[in-house]
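Data block below; observations after.
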Amino acid sequence: MQSYGFVGTGEITAAIVEGLGVAAPPDVFLSPRNHDVAHALAARFPNVRVCGGNQEVLDSTTTIVVAVRPQVAREVLAGLVFRPEHVVVSVLAGVSLEQLREWTAPAARQVRSIPLPTVSRGAGRTALYPDDPVARALFESVGDVVVPRDEAALATFSTATATFAAHLDQLATIARWMTEHGVAAEEADAYVAHVFGELGRTLLTHPGTLEDLAGKHMTPGGINEQFLTDLRGDGLPDSVRKGLDAVLARVSGQ
């Protein structure tokens, strides 16, 4: 049976482990780096074991998911002994394949990936590069997989995920505006969450482009068109592109 080891035990590791625990879960070996998260997962899932250290994780399995903070990755990996048969699956933003190969030699296979929190419920859509049967099997166990054409394209997928907090902050702004106009905070939050949660369902089933969908939510001369026109006039699309360009430069090492 396939097994997985995780160096680093944060939110993404927890989400992947939760997703793997749904049916016929594989053996999972966790780093003790985050004691509370690691032991909470071990208590929930009988297939999960917390190791005494990161090297024990490597010694226990051949598929290693590296999920530490990118800033400390080199230091953490430098202290570990990899074997040629190891498959290294990185979830580190901005750490290139070239760097991974250097830091995890003599492991023969390195894969970059961008798992998202929705893997916890088997609803992920994980971008990975290069395609690899072991990495693909891992992420198809917790959702779908998309393989960009090259490593540079993978960076654009990573950049797109940098917009989550801004999107949620916009929804929070809408809810706060409602409260400023007399709506109870709980009611405003619940209404905005419902409206945009259902819009998300529409996104998943709509057969056309996102631009087409935006058009379907506007009536000529209506309030949606008015609001969008005002935001465009204030330069919002250009601000979004500028922010994305800056993140892309960062994750591409520029």
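The charge dipole of the chain, taken about the Cα centre with unit charges on the Cβ atoms of Lys, Arg (+1) and Asp, Glu (-1), comes to about 540 debye, rounded to the nearest 20. Build a GNM of the chain with springs between Cα atoms under 10 Å apart, and of GLY21, GLY208, GLY243 the one that fluctuates most is GLY208. So, in Å, what gap is there between the alpha-carbon centers of segment 11-56 and segment 147-215? Centre-to-centre distance over Cα atoms comes out at 30 Å.
Dipole magnitude of segment 3-147 about its Cα centre, charges +1 at Lys/Arg Cβ and -1 at Asp/Glu Cβ only, in debye to the nearest 20?
Working: 12 positive and 14 negative charges, 27 e Å.
Once rounded to the nearest 20, the dipole reads 120 debye.
Using R₀ = 30 Å, calculate the FRET efficiency as 1/(1 + (r/R₀)^6) where r is the Cβ-Cβ separation of GLU56 and GLU98; round to 0.05. The formula returns an efficiency of 0.60 here.
Spacing of the modelled spin labels on VAL240 and LEU203, each 7 Å from Cα toward Cβ, amounts to 1.0 nm. Running Debye on segment 1-50 with equal point scatterers at the Cα sites and no solvent, what base-10 log of I(q)/I(0) appears at q = 0.20, 0.24 Å⁻¹? Listed by q, the Debye log ratios stand at -0.54, -0.79.
When the chain is treated as a Gaussian network with alpha carbon springs shorter than 10 Å, the biggest mean-square fluctuation among ASP36, ASP212, ASP144 belongs to ASP212.
Any chance you could give the angle, 0 to 90 degrees and rounded to 10, that helix 151-160 forms with the longest Cα principal axis of the chain? Here the helix axis deviates by roughly 50 degrees.
Relative contact order for the chain: 14 percent, from Cα pairs under 8 Å spaced at least 6 residues apart, divided by residue count.
Each Lys and Arg Cβ is given +1 and each Asp and Glu Cβ -1; about its Cα centre, segment 122-186 then shows a dipole of about 80 debye. Modelled label positions at THR118 and VAL81, each set 7 Å beyond Cα in the direction of Cβ, lie 4.3 nm from each other.
Which angle between 0 and 90 degrees, to the nearest 10, do you get for helix 185-205 versus the longest principal axis of the chain when only C-alpha atoms count? Tilt relative to the chain: about 70 degrees. When DSSP beta bridges are restricted to pairs lying wholly in the chain, around 10% turn out antiparallel.
Which translational diffusion coefficient, to the nearest whole µm²/s, is obtained for the chain from the Stokes-Einstein equation, given a Kirkwood hydrodynamic radius over C-alpha pairs, 4 °C and 1.567 mPa s? Mind showing how you got there, number by number?
Working: Rh = 20.4 Å.
For these conditions, the coefficient is 64 µm²/s.
Computed from Cα positions, the angle between helix 164-180 and the longest principal axis of the chain comes to roughly 40 degrees. Counted by neighbouring Cβ atoms within 10 Å, the residues ILE12, ILE223, ILE64, ILE114 run from fewest to most as ILE223, ILE12, ILE114, ILE64.
Just so you know, the averaged projected area of the alpha carbon convex hull for segment 162-254 sits at 7.8 nm². Taking only the C-alpha atoms of segment 3-147, Rg followed by Dmax gives 13.6, 37 Å.
Net charge around HIS206, counting only other residues with Cβ within less than 13 Å of its Cβ (Lys, Arg = +1; Asp, Glu = -1)? Net local charge, HIS206 excluded: -1.
For the chain, a Gaussian network of Cα nodes joined below 10 Å ranks THR13, THR126, THR161 by mean-square fluctuation, and the top entry is THR161.
Throughout, read-outs are computed from the coordinates displayed, never taken from laboratory work. This is a predicted model, so every value here is computed, not measured. Glycine gets a Cβ as well: all are built from the backbone with ideal geometry, and neighbour counts include every protein chain shown.
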